[in-house]
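Below: the structure, in structure tokens.
The values are calculated or read from the model by the stated rules, or taken from the named source; none is laboratory data. All figures in this text were calculated on a predicted structure; none of them were measured in a lab. When we count neighbours, we look across all protein chains shown, and the Cβ atoms used for this are built from the backbone with ideal geometry, even at glycine. Remember, those area values only see protein heavy atoms, side chains included, never the ligands or the DNA or RNA. Shrake-Rupley method; radii C 1.70, N 1.55, O 1.52, S 1.80 Å.
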4 protein chains.
Amino acid sequence: MRRTVIGVMGGSVADERTTENAYEIGRLIAAHGWLLLNGGRPTGVMDASAHGCRDAGGLSVGILFDAEREAASEHLDIVIPTGMGAARNIANVLASDVVVACRGQGGTLSEIALALRFERPVVLLDFDPGAAFLDACGPGRWYLAETPAAAATQIAACLKELDRA
Amino acid sequence: MRRTVIGVMGGSVADERTTENAYEIGRLIAAHGWLLLNGGRPTGVMDASAHGCRDAGGLSVGILFDAEREAASEHLDIVIPTGMGAARNIANVLASDVVVACRGQGGTLSEIALALRFERPVVLLDFDPGAAFLDACGPGRWYLAETPAAAATQIAACLKELDRA
Amino acid sequence: MRRTVIGVMGGSVADERTTENAYEIGRLIAAHGWLLLNGGRPTGVMDASAHGCRDAGGLSVGILFDAEREAASEHLDIVIPTGMGAARNIANVLASDVVVACRGQGGTLSEIALALRFERPVVLLDFDPGAAFLDACGPGRWYLAETPAAAATQIAACLKELDRA
Amino acid sequence: MRRTVIGVMGGSVADERTTENAYEIGRLIAAHGWLLLNGGRPTGVMDASAHGCRDAGGLSVGILFDAEREAASEHLDIVIPTGMGAARNIANVLASDVVVACRGQGGTLSEIALALRFERPVVLLDFDPGAAFLDACGPGRWYLAETPAAAATQIAACLKELDRA
């Protein structure tokens, strides 16, 4: 059976708290036996979540903006360079059973919008882009989580509803 | 010299006011001699804006979600099927000197997010997804416009700043 | 009604004869009232075909590998940057009623393969990648043409069969 | 360190010998500890290679043409739906350290062309599209292999040259 995939989105530049949250959610995803998927770059939320996943013995996949494998975080297990730029955002979303969104900018917000449009549940980890935006996005459901632990609990609840628990 | 391109984004399902706004902004884009670019489908904001553009004698390009030309609005002059689904959203954004966003859902909001991320000015026509979202998106600037006429005035101002007037 | 689109593919590096052929087929496409579509870069077959099209008063569209408009040929009328790299090749193919392939390398050959797979007629202008390859590609039909004039005649015949004459 | 990825390309429709070859190369890829990547569909070379990989206890990733996970082979471990159609071909190529090409049509041939263009070594398993095509594609190197065992030996030699052994 295919592996359950949790996508972690978020900025390539991140402040200390966001970086710590990303590391910790990566660790928790691994601890639950889920596969981590992210945008693959060696900075910010992408690097930190892959790092946390590896430290906890998990498996991770990065789908890169770039065409070169050298542009990937060293903490990833599987590196998929695309050379597609932001066009790859939709693959990140569609491949995820549940999307976790850490703080980010336009790239991250485009992924939240697509996730809700294509009915992926979104867990917002210490990040609130506003209900006006979130409700307008479409049929997917979204949840606010203040901490990585709360986010992991919410992911588990979403997977149970999706019969992926 | 290359043509000035105004991208019109918005839902494939649209209420009457949004459809009228889309038709009218299409008409005004043509009247100013700008090229209209949209997502190309034969419904909602895409169809209406292409219709308005043609009625005013303008030129329009549609970049389709679908692989088949038959999925295009009949009001378009140039039809580019991609079969890429939502991955084509980034092309719509990058090809636009200025982006006009009519009311829409996740697809439209993903395009607004990418436009602001990649520094395209965004004119929001009777559509307000909230400053929390818009300010988080990145360096591009955004403007609220209540009517198509106000949107066209704002587009012209943006183009002047971009030295495309 | 939508415009008839002739896609011109070929290398970003080109020898003198190939450059002359590309310029001339661009000129002939314009003279027939067809729209020229190519990969948009300012070198090789892309630049030369756009140049020929403009010199004959035609309309051209370039769908770029790159994210920046500045990477486009100055001879193009409509510039669509994608930042998608080679992923945009499929859009070039699907948007074309008929594909003309000038001499090129892997990028061009991937477009010929996709064109035949998706049933676009391909006119090979002074370029023969071998029947073993061409016949294996799929249901589209292909034609060898030694000169731009012969290619234009073949395009016209293909369009007639497609009821686009 | 990132996992070594072997991409297996080939038709979604395949005759018996090609299906057997695909199953066997999937098995050998797993036996060598490499990760199998393919186009993910539940038919032809994609399904058979994933099946062989799983039967030998390996790990496999499928990058789908389609937007729906349900369109994937049941033998895959990691499913990445893209909804991008043939635009995803470039990701399959760029993610592969070495590409194995089984018999196929235009989609497969476009992937061979891109692989050679982007300097991925290509092992042709019981499939010869002709030196005229292969040599024209670009700087990547290609090898003919009559059997899955010969293909696996060639992959190992390529990886050694790439310092991935």
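Considering (1) more than 9 Å from the chain's Cα centre (by Cα); (2) at negative phi, the lone condition that residue D:6 does not fulfil carries the number (1). If the condition is being crowded, with 24+ Cβ neighbours inside 10 Å and out of contact with any Asp or Glu (no Cβ under 8 Å at 6 or more places or on another chain), then region D:45-59 contributes D:45, D:46, D:47, D:49, D:50, D:53. With respect to the conditions (1) free of Cβ contacts under 8 Å to residues at least 60 places away in the same chain; (2) assigned to a loop (DSSP other than H, G, I, E, B), residue D:164 lacks only one, and its number is (1).
Among the residues making up region C:10-21, those that are more than 14 Å from every other protein chain (Cβ to nearest Cβ) and surrounded by fewer than 24 Cβ atoms within 10 Å (Cβ to Cβ) are C:16, C:17, C:19, C:20.
This table checks each residue for (1) under 20 Å from residue C:81 (Cβ atoms); (2) of a type in the set (S, T, N, Q); (3) over 15 Å from the mean Cα position of the chain (by Cα).
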site: C:29; (1), (2), (3): no, no, no
site: C:34; (1), (2), (3): no, no, no
site: C:37; (1), (2), (3): yes, no, no
site: C:47; (1), (2), (3): yes, no, no
site: C:68; (1), (2), (3): yes, no, yes
site: C:71; (1), (2), (3): yes, no, yes
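Residue count for region D:52-77 satisfying the condition of being touching a Gly at 6+ places or on another chain (Cβ under 7 Å) and not aromatic (Phe, Trp, Tyr): 10.
Quick grid of which residues meet (1) of a type in the set (Gly, Ala, Ser); (2) at the interface with another protein chain (Cβ under 10 Å from one of its Cβ atoms); (3) more than 20 Å from residue A:114 (Cβ to Cβ):
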site	(1), (2), (3)
D:50	yes, no, yes
D:54	no, no, yes
D:58	yes, no, yes
D:64	no, yes, no
D:70	no, no, no
D:74	no, yes, yes
D:82	no, yes, no
D:89	no, yes, yes
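Within region B:112-139, the set of residues being within 8 Å of another protein chain (Cβ to nearest Cβ) and of a type outside the set (A, V, I, L, M) comprises B:117, B:118, B:128, B:129, B:130, B:133, B:137, B:138. Those helices (runs of 4 or more DSSP H) of region A:60-144 in which 1 or more residues are hydroxyl-bearing (Ser, Thr, Tyr) and either in contact with a strand residue (DSSP E or B) (Cβ under 7 Å, 6 or more places away or on another chain) or surrounded by 24 or more Cβ atoms within 10 Å (Cβ to Cβ) (or both) occupy A:106-117. Every listed requirement among (1) open to solvent by less than 10 Å² (accessible area, probe 1.4 Å); (2) in contact with a Pro (Cβ under 7 Å, 6 or more places away or on another chain) is met by residue A:35 save one, (2). A single entry from A:7, A:40 fulfils the requirement of being open to solvent by less than 10 Å² (accessible area, probe 1.4 Å), in a loop (DSSP other than H, G, I, E, B) and in contact (Cβ under 8 Å) with a residue 40 or more places away in the chain: A:40.
Per the conditions (1) open to solvent by 10 Å² or more (accessible area, probe 1.4 Å); (2) without any contact (Cβ under 8 Å) to a residue 60 or more places away in the chain, the sole criterion not satisfied by residue C:24 is (2).
Determine if region A:146-164 includes at least one residue that is at the interface with chain B (Cβ under 9 Å from one of its Cβ atoms), open to solvent by 10 Å² or more (accessible area, probe 1.4 Å), out of contact with any strand residue (DSSP E or B) (no Cβ under 7 Å at 6 or more places or on another chain) and at negative phi. The answer is no, given that none of the residues of region A:146-164 is at the interface with chain B (Cβ under 9 Å from one of its Cβ atoms), open to solvent by 10 Å² or more (accessible area, probe 1.4 Å), out of contact with any strand residue (DSSP E or B) (no Cβ under 7 Å at 6 or more places or on another chain) and at negative phi.
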